[in-house]
Amino acid sequence: MLTIIEPTIDQLSLAKDILHKLGIPVHRVGYKHLCIAIPHFAEDDLQSLTKELYPYIAESLGNNNWHTIEHSIRVVILDAWERRDSEIWENYFPNSRRSPSNNLFIATLAELIK
């Protein structure tokens, strides 16, 4: 049985604010997945993305394929990175020469909303 962890309003609001600043479009599926992933990871930052977090998101959305979750998050991060405002991204991911991995992206933002 899946136990849904509801993020606090403050956590969700902070996550959405940061995603907006980083240029993650609200209409993209990956945005919705990140809005679930970031607060959930903030509650348990030792969990495995592929073994625990992605399947959790998939199951909570009635999806049985966690690979689509991973893919949508990766694509939305890459798209935002390509169109990024370098100064803003530098604040969150200093000295990054390439797009952050899903793990780094989620872990960094989860730490900020704790």
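Kindly provide the set of residues from region 4-57 that are small (Gly, Ala, Ser) and buried (at least 19 other Cβ atoms within 10 Å of the Cβ), ordered by number.
Ala15, Gly30, Ala37, Ala42
Considering only residues that are part of a helix (DSSP H, G or I), within 27 Å of Asn91 (Cβ to Cβ) and of a type in the set (Val, Ile, Thr), which ones fall in region 22-70?
If the condition is that a residue be part of a helix (DSSP H, G or I), within 27 Å of Asn91 (Cβ to Cβ) and of a type in the set (Val, Ile, Thr), then Val29, Ile36, Ile38, Ile57, Ile69 are the ones that fit.
Determine if region 71-84 includes at least one residue that is touching a helix residue (DSSP H, G or I) at 6+ places or on another chain (Cβ under 6 Å) and basic (Lys, Arg).
Within region 71-84 (the criterion being touching a helix residue (DSSP H, G or I) at 6+ places or on another chain (Cβ under 6 Å) and basic (Lys, Arg)), the answer is yes, since at least one residue qualifies.
Return the pair list, or none, for Cβ contacts closer than 6 Å from residues in region 94-114 that are touching a residue at least 60 places away in the same chain (Cβ under 8 Å) and loosely packed, with under 14 Cβ neighbours inside 10 Å to residues that are part of a helix (DSSP H, G or I) and not charged (D, E, K, R), at least 6 apart or on different chains.
If the second residue must be part of a helix (DSSP H, G or I) and not charged (D, E, K, R), the pairs left are Lys114/Ala42.
Go through (1) at positive phi; (2) under 12 Å from the mean Cα position of the chain (by Cα) and name the single condition Val29 misses.
(1)
Just one of (1) free of Cβ contacts under 8 Å to residues at least 12 places away in the same chain; (2) surrounded by 13 or more Cβ atoms within 10 Å (Cβ to Cβ) trips up Ile77, so point out which.
(1)
Since every read-out is calculated from the coordinates, none of them should be taken as a lab result. These numbers come from a predicted model, not from an experiment. No Cβ is skipped: glycine too gets one built from the backbone with ideal geometry, and neighbour counts run over all protein chains shown.
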